[in-house]
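Undergrad: One structure is given below, represented as structure tokens, and several questions about it will come after.
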Amino acid sequence: MSQDSTTVPETSRKLSGRRRREIVAVLLFSGGPIFESSIPLSVFGIDRQDAGVPRYRLLVCAGEDVPLRTTGGLELTAPYGLEALSRAGTVVVPAWRSITQPPPAAALDALRRAHEEGARIVGLCTGAFVLAAAGLLDGRPATTHWMYAPTLAKRYPSVHVDPRELFVDDGDVLTSAGTAAGIDLCLHIVRTDHGADAAGALARRLVVPPRRSGGQERYLDRSLPEEIGADPLAEVVAWALEHLHEQFDVEALAARAYMSRRTFDRRFRSLTGSAPLQWLITQRVLQAQRLLETSDYSVDEVAGRCGFRSPVALRGHFRRQLGSSPAAYRAAYRARRPQGGAPDRGPDRLDRMERAERLGGGDRAEVLEQRPGEHAMPLRRPGGPVTHTSHHHHPPHSPHPPGGTEPGKPESDAYAPRLPEQATGRAPGRPTLPGQRERPVG
């Protein structure tokens with residue numbers, strides 16, 4: 001389901017009579033990080049009716065009979081226990097203390113019972129591991145922090161893990177990516193229950209964007225789970241990373257692994273948490289980012305050195321994953337990291353870079369030499385109407401690259417709003433599942 005869509009998946013069970021939709025239970029465990037735990041408490045536990053936000057009733061529940069110690073050694077006291085979950089129409093698990101430990105059996109039983117009685121179950125960040133351990137994610141799409149997604153996919157192979165999404169709404173079970181993505185999902189729940197106006201009013205109170213486009217791709221790093229080192233596919237993955245400058249596809253990787261394409265896809269997904277084609281595209285885009293940041297290669301040359309069959313393919317995948325063209329990304333990065341002289345921070349340079357790309361010449365000097373205030377000549381796309389370059393892609397004097405994050409230093413938990421025109425157009429609630437048709441890299 002797209003974040004911009006008003007269509008919400010139908011819940012599969014009717015809410016039992018003793019449960020109320022406006023009652024939200026937040027299940028806390030000892031060792032959970034305090035920031036993730038505080039997100040649903042702030043969204044659902046504060047009366048903001050004066051701002052037009054309908055009120056929820058919050059039940060903070062202890063998920064185990066031990067002192068609830070959290071970040072920094074703080075000790076919390078929850079006013080309710082697991083029995084309070086019987087009244088909630090929404091149950092939120094904001095985090096789990098360790099992806100290597102099994103959650104308490106009593107908490108898992110309470111979650112299963114709540115789900116059977118029609119409650120909406122929500123897992124924020126590593127809370128997805130608790131939902132998976134309860135069997136609530138079997139056969140469903142789900143997400144979690146990109147760093148833990150491979151482990152979730154490997155430990156629970158029946159879960160369709162997509163590490164690219166900020167959140168996934170599967171009707172009566174919802175999951176989100178790391179930390180700040182929990183805010184996105186909680187706002188989505190308010191939007192689902194009470195409409196866009198209520199969610200917008202709440203977002204203004206929290207001083208966050210009401211919606212964020214795109215997913216976790218901009219934060220994904222090149223590393224793979226540590227456990228891959230002992231897997232037979234490790235050699236193939238290492239070869240792919242060393243030969244990104246060559247043009248090869250997933251069929252070639254499957255052949256190197258002496259597997260059929262279908263077997264390779266299944267094994268690769270269970271190991272890394274993503275489909276091999278999407279992983280390969282992501283690695284090529286990451287390599288392109290590095291070259292744009294550290295070299296003077298033209299965009300055409302960068303495309304060739306990253307294994308894309310054409311500059312057009314690079315531009316398409318780059319924009320879908322990062323919300324920016326390669327040339328605009330480089331200009332914004334260099335404006336933030338000037339190498340002598342005053343940086344060119346204005347949007348006019350970025351738009352000239354965009355025009356250069358449309359002309360197919362990367363960073364063409366003759367286009368870049370156009371001065372601010374000069375008339376922008378109309379550009380005709382092949383087979384399309386006459387269009388004019390726009391000066392509304394980036395705010396004036398903004399040294400930051402599109403997306404709000406600092407290239408080269410991915411921050412998985414950064415809450416970075418993106419401009420509407422930078423949306424990827426992918427549906428967060430409909431991740432790519434095994435067996436779906438894939439788009440060629442080039």
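The values are calculated or read from the model by the stated rules, or taken from the named source; none is laboratory data. Fair warning: this is a prediction, and the values are worked out from it, not measured in the lab. Neighbour counts run over all protein chains shown; Cβ positions are idealised from the backbone, glycine included.
Undergrad: For a quick check of your reading of the model, give me the residue pairs whose first member lies in the range 13-37 and is without any contact (Cβ under 8 Å) to a residue 60 or more places away in the chain and within 23 Å of G182 (Cβ to Cβ), whose second is outside any helix (DSSP H, G or I) and among the hydrophobic types (A, V, I, L, M, F, W, C), with beta-carbon atoms closer than 7 Å and at least 6 apart or on different chains.
TA: I34/L74; S37/L28; S37/A95
Undergrad: Those residues that are assigned to a helix (DSSP H, G or I) and touching a Pro at 6+ places or on another chain (Cβ under 7 Å), I need them from the range 45-96; list them, please.
TA: Matches in the range 45-96: T71 only.
Undergrad: Looking at the range 276-305 only, could you name the residues that are more than 17 Å from E246 (Cα to Cα) and of a type in the set (D, E)?
TA: Residues satisfying the conditions are E293, D296.
Undergrad: Of the conditions (1) part of a loop (DSSP other than H, G, I, E, B); (2) surrounded by fewer than 22 Cβ atoms within 10 Å (Cβ to Cβ), A203 satisfies every one except a single condition; which number is it?
TA: So the condition that A203 fails would be (1).
Undergrad: Are any of the residues in the range 162-182 assigned by TED's automatic domain parsing to the domain that holds A62, surrounded by fewer than 21 Cβ atoms within 10 Å (Cβ to Cβ) and under 23 Å from R267 (Cα atoms)?
TA: Checking the range 162-182: not a single residue is assigned by TED's automatic domain parsing to the domain that holds A62, surrounded by fewer than 21 Cβ atoms within 10 Å (Cβ to Cβ) and under 23 Å from R267 (Cα atoms).
Each row is one residue, and each column tells you yes or no for (1) in contact with a strand residue (DSSP E or B) (Cβ under 8 Å, 6 or more places away or on another chain); (2) at pLDDT below 95.
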residue	(1), (2)
L58	yes, no
D65	no, yes
R69	yes, yes
G72	no, yes
L76	yes, yes
L82	yes, no
V91	yes, no
A95	no, yes
Q101	no, yes
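Undergrad: A further question follows. Give P33, P54, P67 a once-over and let me know the one that is within 22 Å of R205 (Cβ to Cβ), out of contact with any Lys or Arg (no Cβ under 7 Å at 6 or more places or on another chain) and assigned by TED's automatic domain parsing to the domain that holds P104.
TA: P54
Undergrad: Follow-up question, since we're still on this one. Going by the conditions given, is E301 assigned to a helix (DSSP H, G or I), surrounded by fewer than 19 Cβ atoms within 10 Å (Cβ to Cβ) and in contact with a Lys or Arg (Cβ under 8 Å, 6 or more places away or on another chain)?
TA: no
Undergrad: Against the conditions (1) modelled with pLDDT of 95 or more; (2) over 23 Å from Y56 (Cβ atoms); (3) part of a helix (DSSP H, G or I), where does G135 fall short? Just the number, please.
TA: Status for G135: all satisfied but (3).
Undergrad: Would you confirm whether or not the range 105-120 contains a residue that is buried (at least 24 other Cβ atoms within 10 Å of the Cβ), charged (D, E, K, R) and either touching a strand residue (DSSP E or B) at 6+ places or on another chain (Cβ under 9 Å) or not in a loop (DSSP other than H, G, I, E, B) (or both)?
TA: Yes, that holds for at least one residue.
Undergrad: Could I ask something else about it? Taking into account only those residues within the range 85-123 that are among the β-branched types (V, I, T) and touching a residue at least 12 places away in the same chain (Cβ under 8 Å), which is nearest to A149 (Cα to Cα)?
TA: First pass over the range 85-123, keeping only residues among the β-branched types (V, I, T): 90-93, 99-100, 121-122.
When the remaining residues are screened for being touching a residue at least 12 places away in the same chain (Cβ under 8 Å), the result is 90-93, 99, 121-122.
Details: T90: 24, V91: 22, V92: 19, V93: 17, I99: 10, I121: 19, V122: 17 Å.
For the range 85-123, the residue satisfying everything is I99.
Undergrad: Residue check, T192 against (1) more than 26 Å from I23 (Cβ to Cβ); (2) of a type in the set (S, T, N, Q); (3) touching a residue at least 24 places away in the same chain (Cβ under 8 Å), all met but one. Which one?
TA: (1)
Undergrad: Separate question: Any residue at all in the range 233-240 that is of a type outside the set (V, I, T), in the same structural domain as A335 (by TED's automatic domain parsing) and at pLDDT 85 or above?
TA: Scanning the range 233-240 turns up at least one residue that is of a type outside the set (V, I, T), in the same structural domain as A335 (by TED's automatic domain parsing) and at pLDDT 85 or above.
Undergrad: Could I ask something else about it? Residues being part of a helix (DSSP H, G or I) and within 28 Å of K14 (Cβ to Cβ): count how many of those fall in the range 161-183. Reasoning before the result, please.
TA: Within the range 161-183, the first condition is being part of a helix (DSSP H, G or I), and the residues that meet it are 181-183.
With the extra rule that they be within 28 Å of K14 (Cβ to Cβ), the set shrinks to 182.
Number satisfying all stated conditions: 1.
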